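J.: After the structure tokens below, expect a handful of questions from me.
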Amino acid sequence: MTDILTQNLNPSQKEAVLCTEGPLIIFAGAGTGKTRVITHRIAHLLNQGVAPWSVLAVTFTNKAAEEMKRRVNDLVAGAGANVWVSTFHSFCAYFLRVEASKINLSPDFLIYDFADQKNVIKDCIKELNIDEKKFKPSSIADRISRAKDDLKFPSDMAADAENLGDFFGTTIAKVYQLYQKKLELAQALDFGDLIMCTVVALQQYPALLERYQQRFKYILVDEYQDTNHAQYMLAKLLAQQHHNICVVGDDDQSVYSWRGADITNILDFEKDYPEAKSVKLEQNYRSTPKILSTAWQVVKHNSNRVDKKLWTQNADSGSVSVVKAANANEEAAKVVDIIALNSHNGKYKLSDFSVFYRTNAQSRSFEDAFRRAGMPYAVIGTLKFYDRAEIKDIMAYLKLIHNPNDNISLKRIINLPRRGIGKTSVENLEKEAIKRGLSIWQTIPYAAEAGLNRGAVFAFNSFAVLIKGFISLKENETIKYITERVIIHSGYMKELENENTPESKTKIENIQELISAVAEFELRSPDKSLSGYLTQIALVSDIDTLDQSQGKVTLMTLHLAKGLEFENVFLCGLEEGLFPIGESAFSPEELEEERRLMYVGMTRAKKNLYLCWAAERTVYGKTRWNMPSRFIAEAGFSEEFADRQPNPNSFNRAFNKTKWSSITSDYGANSKNKAQYKYKNDDTYDYIPSDDDISKDEPLYVPASDSSPYKIGVLVSHPVFGKGKIIEKSGVGDDLKLVVLFETGQWKKLLARVSNLNLI
């Protein structure tokens, strides 16, 4: 059986599959058959007599987990279905529900998404009399999430802030403390709590830890480079007894530090487990040699990485090219033209094309261009089905039925549809609830004591009767039946029907689709409870819903592209200040992550890769002139080439224009290597090389004496633009001109003698 499992594996894959005992780290480069190795390794364990329920495999998306489970079951029919393959959050949600009674937790806890989290934080800010303009809920929510990733409680955050003299951090710690109290009162957990509470429970209850350690003799962690500290600790605790832990990942694809991922987890694995075996998967089955070579030219500039280089036996077809546009609209138009040309001739389907960009704001120009062309497209990462207002309204009813102490859901639907309960009445009842240390639901019987008038008291009591009626259905009726009763008997559907507008009709269609989704859940899920349904919806992600067979061009941010592949990929907005983004140019760590993100985008392409940039772009209402991203130069291109192949002799011309400006002053005005500049306005210019300059193989830079204090790389400050770094200079004396990259991501060309720059 082992021979059959490994006969189609390459030597490195086979080595990884057959190494079953002890710690193992598999460095799986992009497109190297990582999922194949993981599933074959699990199948090999089962064929060796390992009980399927003693194997735990965790990854980051439901889609990846379902694919792994399907493949394992195909390899080992029957037994494969009993292997525990899930996401980190799904595993922890299950653990906490099963063990709730042992760890002082309600088994009916709700899972708050990011929107719910922000709403609770807004309540905390209001209650603590904090200025929301200075302390934005989204920023506080992010800081709290990162604290939980690091397994830090409010007291830990407060201590850290005090030691650093950080007033902002001290204030957030106060919000964090109140936030946790509100979650506890609502019997709710956020995403960070799922993993943090699991780790804390395993640490505090040795008998519980021992039971799970004995159960899971083999631990496998996918995408290990994306794990945060809490996930790292969870895996370490579970593997402590048997040490049969296998982690799979690629440090070159670690791009989620902003959401807590710690690249040192994968880089330091062999320090944690000195006896660990290491296997590198470097044979790529996805991309062409051109794509792999160009991507490696970029990522090799990172110093904090494991030495490896992808190679392939794929045919050297397709292309890697640069597309230069005058502005964002032309960039989008060129992308549409290329897709139209290659899809109308039948060579590719529309679903074979994907457009990646660094920020969501960039999608607008592409959406406009695709609409004008009448070309179907799908934007991934915008408003999801379950984020639509009408769907969140019905889900709030279901959450309240499951857990009436959920203040967030109650406040959302207390007057939906309109039932005569005003904002002031809700606020007064909530104040009474805070005074009594109760949830709003628990305070409804005390509505009269909260100073509400008779009409408001009657409306609150009527609402309570309605919800209690729905709650009575929970034990004996299906989720679909309960959902239908909510939609009808709450009056929600009737109000939409009475509106009779195109918008209300669309909402009705979406609600009907929700009923279909509930019915589908009941058919395919072994856990048909309301709790199980709410958990599944809370943990769904954008990528889980992506259907690449839909006959549309896919548009998404680069962070969402990880794990996907397309025949043709457009990497757009490759400009300094946009990608790499903003201040990352000043931080070696952040710049390396931006470079890894570039590498991830490049290695999604199977046949053709287009690197696109625009000389002018309007972002958030401000127009600026751009220099091409350094990543284009690192890939081996000169920025003056459009739709050309990499030039190995480019000497990073695209980014380091110091060489070009030096040509003029050092070689003299009549030199055949003279660089020309086309001035766009007072601040920026385009570089236009001569033909002789393009073909030169000798170094372009000739050192010259320079007594000016304004050196390349020097940090400066400007009274208007703030802090920045000098990245180019030209001319001498009174004619000395500087190009400064400011922390805002903005570029400015300044005449040194009138620039008002101060050296830092």
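The values are calculated or read from the model by the stated rules, or taken from the named source; none is laboratory data. Every value quoted in this text rests on a predicted model; they were computed, and no experiment measured them. Ideal geometry is used to build each Cβ from the backbone, glycine not excepted, and the neighbour counts take in all protein chains shown. Each accessible area value is taken on the protein alone, full model and side chains, heavy atoms only, with ligands, DNA and RNA left out. Shrake-Rupley method; radii C 1.70, N 1.55, O 1.52, S 1.80 Å.
J.: Residue check: is S86 touching a Ser or Thr at 6+ places or on another chain (Cβ under 9 Å), of a type outside the set (A, V, I, L, M, F, W, C) and either without any contact (Cβ under 8 Å) to a residue 60 or more places away in the chain or crowded, with 19+ Cβ neighbours inside 10 Å (or both)?
T.: yes
J.: Limited to segment 515-541, what total is found for residues that are open to solvent by less than 30 Å² (accessible area, probe 1.4 Å) and modelled with pLDDT under 75?
T.: Number of matching residues: 0.
J.: So Q313 clears everything in (1) surrounded by fewer than 17 Cβ atoms within 10 Å (Cβ to Cβ); (2) over 29 Å from V55 (Cα atoms); (3) touching a Ser or Thr at 6+ places or on another chain (Cβ under 7 Å); (4) not small (G, A, S) except one condition, right? Which one?
T.: Evaluating Q313 over (1) surrounded by fewer than 17 Cβ atoms within 10 Å (Cβ to Cβ); (2) over 29 Å from V55 (Cα atoms); (3) touching a Ser or Thr at 6+ places or on another chain (Cβ under 7 Å); (4) not small (G, A, S) leaves (3) as the failure.
J.: For segment 476-508, name all the residues that are within 16 Å of V518 (Cα to Cα), open to solvent by less than 20 Å² (accessible area, probe 1.4 Å) and aliphatic (A, V, I, L, M).
T.: Residues satisfying the conditions are I479, I482, V486, I487.
J.: Residues V279, V255, V298: which one is farther than 30 Å from K236 by Cα and open to solvent by less than 40 Å² (accessible area, probe 1.4 Å)?
T.: Matching residue, one of V279, V255, V298: V298.
J.: Out of (1) touching a residue at least 24 places away in the same chain (Cβ under 8 Å); (2) open to solvent by less than 10 Å² (accessible area, probe 1.4 Å); (3) not charged (D, E, K, R), what's the single condition that is false for G318?
T.: (2)
J.: Now, a different point. Can you tell me which residue is surrounded by the most Cβ atoms within 10 Å (Cβ to Cβ) among those in segment 1-27 that are part of a helix (DSSP H, G or I) and either β-branched (V, I, T) or modelled with pLDDT under 95 (or both)?
T.: V17
J.: Any idea which residue in segment 67-81 is farthest from the chain's Cα centre (by Cα), counting only those that are open to solvent by 70 Å² or more (accessible area, probe 1.4 Å) and at pLDDT 90 or above?
T.: From segment 67-81, those open to solvent by 70 Å² or more (accessible area, probe 1.4 Å) are 69-71, 74, 77; that's our starting set.
With at pLDDT 90 or above added as a condition, the list becomes 69-71, 74.
On the way: K69: 24, R70: 25, R71: 26, D74: 31 Å.
Checking each candidate, the answer is D74.
J.: Okay, moving on. State which residue is surrounded by the fewest Cβ atoms within 10 Å (Cβ to Cβ) when the search covers only segment 326-344 and only residues that are touching a residue at least 40 places away in the same chain (Cβ under 8 Å) and farther than 17 Å from T557 by Cα.
T.: The extreme case among them is A326.
J.: While we're looking at this one, here's another question. Could you run through segment 447-466 and say how many residues are open to solvent by less than 80 Å² (accessible area, probe 1.4 Å) and part of a helix (DSSP H, G or I)?
T.: 12
J.: Would you be able to tell me the number of residues in segment 91-107 that are open to solvent by less than 30 Å² (accessible area, probe 1.4 Å) and within 29 Å of the chain's Cα centre (by Cα)?
T.: 5
J.: Only residues that are among the β-branched types (V, I, T) and under 26 Å from K236 (Cβ atoms): list them for segment 1-31, please.
T.: Within segment 1-31, V17, T20, I25, I26 meet the criteria.
J.: Being under 30 Å from W296 (Cβ atoms), out of contact with any strand residue (DSSP E or B) (no Cβ under 9 Å at 6 or more places or on another chain) and open to solvent by less than 10 Å² (accessible area, probe 1.4 Å) is true for just one of A30, A57, A43. Which residue is that? Talk me through it step by step, then tell me what you get.
T.: On the way: A57 fails: out of contact with any strand residue (DSSP E or B) (no Cβ under 9 Å at 6 or more places or on another chain); A43 fails: under 30 Å from W296 (Cβ atoms).
Of A30, A57, A43, the one residue that is under 30 Å from W296 (Cβ atoms), out of contact with any strand residue (DSSP E or B) (no Cβ under 9 Å at 6 or more places or on another chain) and open to solvent by less than 10 Å² (accessible area, probe 1.4 Å) is A30.
J.: Can you tell me which condition Y224 does not meet? The list is (1) touching a Gly at 6+ places or on another chain (Cβ under 8 Å); (2) open to solvent by 40 Å² or more (accessible area, probe 1.4 Å), and all the others hold.
T.: (2)
J.: Confirm whether L110 is surrounded by 21 or more Cβ atoms within 10 Å (Cβ to Cβ) and of a type outside the set (V, I, T).
T.: Yes, satisfied.
J.: Moving to a separate point now. Looking at segment 624-638, I want the residues that are at positive phi and have a partner that is modelled with pLDDT of 90 or more with Cβ atoms under 8 Å, at least 6 apart or on another chain. Which pairs are those?
T.: Short answer, once both residue conditions are applied: G636/T294; G636/Q297.
J.: From the set of residues in segment 730-740 that are at pLDDT 80 or above, open to solvent by less than 30 Å² (accessible area, probe 1.4 Å) and part of a strand (DSSP E or B), which is nearest to R753 (Cα to Cα)?
T.: Filtering first and then ranking leaves L738.
J.: Still on this structure: Confirm whether D131 is among the acidic types (D, E) and surrounded by 20 or more Cβ atoms within 10 Å (Cβ to Cβ).
T.: Against the criterion (among the acidic types (D, E) and surrounded by 20 or more Cβ atoms within 10 Å (Cβ to Cβ)), D131 does not qualify.
J.: If you check K347 against the conditions, is it farther than 26 Å from G577 by Cβ and crowded, with 20+ Cβ neighbours inside 10 Å? Full working, then the answer.
T.: Details: farther than 26 Å from G577 by Cβ: yes; crowded, with 20+ Cβ neighbours inside 10 Å: no.
Judged against the criteria, K347 is not a match.
J.: Next up: So is E495 farther than 21 Å from D406 by Cα, out of contact with any helix residue (DSSP H, G or I) (no Cβ under 6 Å at 6 or more places or on another chain) and in contact (Cβ under 8 Å) with a residue 24 or more places away in the chain or not?
T.: Against the criterion (farther than 21 Å from D406 by Cα, out of contact with any helix residue (DSSP H, G or I) (no Cβ under 6 Å at 6 or more places or on another chain) and in contact (Cβ under 8 Å) with a residue 24 or more places away in the chain), E495 qualifies.
J.: What number of residues within segment 706-729 are among the aliphatic types (A, V, I, L, M), in a strand (DSSP E or B) and modelled with pLDDT of 80 or more?
T.: Of the residues in segment 706-729, 3 are among the aliphatic types (A, V, I, L, M), in a strand (DSSP E or B) and modelled with pLDDT of 80 or more.
J.: Hey, can you tell me all the residues within segment 17-29 that are in contact with a Leu (Cβ under 7 Å, 6 or more places away or on another chain) and either closer than 21 Å to D251 by Cβ or among the hydrophobic types (A, V, I, L, M, F, W, C) (or both)? Even if it seems obvious, please write down each step before you answer.
T.: Of all residues in segment 17-29, those in contact with a Leu (Cβ under 7 Å, 6 or more places away or on another chain) come to 17, 20, 26-29.
Those that are in contact with a Leu (Cβ under 7 Å, 6 or more places away or on another chain) and either closer than 21 Å to D251 by Cβ or among the hydrophobic types (A, V, I, L, M, F, W, C) (or both): V17, I26, F27, A28, G29.
J.: Identify the residue in segment 751-760 that is surrounded by 17 or more Cβ atoms within 10 Å (Cβ to Cβ) and at pLDDT 85 or above and, among all such residues, is farthest from S587 (Cα to Cα).
T.: Of everything passing the filter in segment 751-760, A752 is farthest from S587 (Cα to Cα).
Condition check ((1) under 22 Å from D193 (Cβ atoms); (2) in contact with a Leu (Cβ under 8 Å, 6 or more places away or on another chain); (3) at pLDDT 95 or above) across all residues:
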position	(1), (2), (3)
G49	no, no, no
A57	no, yes, yes
T61	yes, no, no
C92	yes, yes, yes
L96	yes, yes, yes
N104	yes, no, no
D113	yes, no, no
I121	yes, no, yes
D156	yes, no, yes
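J.: Inside segment 548-637, counting only helices (runs of 4 or more DSSP H) that do not spill past its ends, which hold 3 or more residues that are charged (D, E, K, R)?
T.: Fully inside segment 548-637 and qualifying: 588-602.
J.: While we're here: Scan the helices (runs of 4 or more DSSP H) fully inside segment 46-160 and keep the ones with 1 or more residues being more than 28 Å from V540 (Cβ to Cβ).
T.: Fully inside segment 46-160 and qualifying: 114-127.
J.: Another question, if that's okay. Is one or more of the residues making up segment 582-590 farther than 30 Å from G722 by Cβ and either touching a His at 6+ places or on another chain (Cβ under 6 Å) or surrounded by fewer than 20 Cβ atoms within 10 Å (Cβ to Cβ) (or both)?
T.: From segment 582-590, those farther than 30 Å from G722 by Cβ are none; that's our starting set.
No, that holds for no residue.
J.: Out of the helices (runs of 4 or more DSSP H) lying entirely within segment 359-442, which hold 2 or more residues that are under 30 Å from G551 (Cβ atoms), open to solvent by 30 Å² or more (accessible area, probe 1.4 Å) and basic (K, R)?
T.: Those helices (runs of 4 or more DSSP H) span 363-373.
J.: Looking at (1) free of Cβ contacts under 8 Å to residues at least 24 places away in the same chain; (2) closer than 22 Å to H402 by Cβ, which is the one condition that is false for A448?
T.: Against the list (1) free of Cβ contacts under 8 Å to residues at least 24 places away in the same chain; (2) closer than 22 Å to H402 by Cβ, A448 comes up short only on (2).
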